[in-house]
Amino acid sequence: MELRQLKTLVAIADFGSFVSAADAVSLTQSAVSLQISNLEQELGCPLFDRRTRPPVLNEKGLALVEHARKIAELCDHISTIADGRDLAGTITLGAVPTSQLGLLPIALSKIRVQYPKLRIRLISGLSAELAGRTRTGEIDAALVTEPAILADGLSSHTIAVEPLGLIVPIDLEEEDARDILKEQPYIQFNKNAWAGQQILQHLLDLGIKTPMTMEIDSLEAIYRLVAQGLGVSIIPLNGATESMLSGVKTIILKDPPLFRTLVVVERSTNPRAALVAGIVDILRKSGEGGHIDDAIPSNARQVL
């Protein structure tokens, strides 16, 4: 069994056909077919259902792909360490949806330029889910809201600090944030998200009971609902999303201040720590200074 056979198998799974895989690994289609035939002969079983065109992976083939992918990624990582090349290989990165509006796309574009041989598989989810999958090794690292208590077996790297602000319809005349929260229909940011739990706890600490009407985990959807006059909401703010706030008014919560910290979590004994360190460095540089004041929209009022 040869490494190149396993890499070819992974390429077929990723690109959907022998023809596309041949282009991806710079081989002829006949060379790809020969590699797969030799691999099947050595294993003593077919890996593809050839009754279809193009052939598709059967049950055994699908199971082997996941193992082959891990072996190929590990070999890439070993080669990177051995010869001192720039970061290369594949890393699986989790990210909360709120980071995908501003910080993450900027960082990923820089990573593509700086580390063209590094491939990132992005998985979206809530902070708790992503931290749990990182801890079990299912994913390599995750960009999440900082947890109140970091689980055993995980380490974290601070990336950026973002204020949490109250957004209201632009034509709302009420100026007092506490009265707004008590009187206006409230659109709750997903309370299963760590940021959503932080917001709820803040309101409880202030003794404010909001008339909640909806619960949503999409910031873009919340912006649109508030702009249409359907309610108010407290959400994370960052400089990259300021253009989305043109149809609403923003009030920064300052007494006490309310903000969330974005961190990258990884296993404390992560075999892919070198790759994660490179990503953390670029994420920090992409975080608009990583300071709360950098993320405050220019038209925001700081009152509560």
Exercise. Would region 113-120 turn up any residue that is under 19 Å from N238 (Cα atoms) and touching a residue at least 60 places away in the same chain (Cβ under 8 Å)?
Worked result: no
Problem set entry | Single unsatisfied condition, S233 versus (1) more than 24 Å from E146 (Cβ to Cβ); (2) modelled with pLDDT of 85 or more; (3) part of a strand (DSSP E or B) | (1)
Exercise. If you check every pair at least six apart or on different chains, which have Cβ atoms under 7 Å apart with a residue in region 11-32 that is closer than 17 Å to L47 by Cα and assigned by TED's automatic domain parsing to the domain that holds A63 first and a residue that is among the hydroxyl-bearing types (S, T, Y) and assigned to a helix (DSSP H, G or I) second?
Worked result: F18/S33; A21/T8; V32/T8
Exercise. In region 50-96, what residues are within 18 Å of S20 (Cβ to Cβ), out of contact with any Phe, Trp or Tyr (no Cβ under 9 Å at 6 or more places or on another chain), at pLDDT below 90 and surrounded by fewer than 14 Cβ atoms within 10 Å (Cβ to Cβ)?
Worked result: R50, T52, R53
For this session: Only residues that are modelled with pLDDT under 85 and either surrounded by fewer than 19 Cβ atoms within 10 Å (Cβ to Cβ) or in the same structural domain as A128 (by TED's automatic domain parsing) (or both): list them for region 217-230, please.
Result: D217, S218, E220
Exercise. Counting just the residues of region 261-277 that are modelled with pLDDT of 85 or more and either in a helix (DSSP H, G or I) or not polar (S, T, N, Q) (or both), which one comes out surrounded by the most Cβ atoms within 10 Å (Cβ to Cβ)?
Worked result: L262
For this session: Inspect all residues belonging to region 191-211 and state whether any of them is of a type in the set (S, T, N, Q) and touching a helix residue (DSSP H, G or I) at 6+ places or on another chain (Cβ under 8 Å).
Result: yes
Exercise. Does any residue of region 6-20 turn out to be farther than 27 Å from K117 by Cβ and assigned to a helix (DSSP H, G or I)?
Worked result: no
Problem set entry | Residues satisfying the stated conditions in region 119-134, i.e. in a helix (DSSP H, G or I) and surrounded by 20 or more Cβ atoms within 10 Å (Cβ to Cβ) | S127, L130, A131, T134
Exercise. Are there any pairs with C-beta distances below 7 angstrom linking a residue in region 171-183 that is farther than 19 Å from L258 by Cα to a residue that is part of a helix (DSSP H, G or I) and at pLDDT 85 or above, with the two at least 6 apart or on different chains, and if so which?
Worked result: E174/I180
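The values are calculated or read from the model by the stated rules, or taken from the named source; none is laboratory data. No experiment lies behind these values; they were computed from the predicted model shown. Using ideal geometry, Cβ is built from the backbone for each residue, glycine included, and neighbour counts are taken over all protein chains shown.
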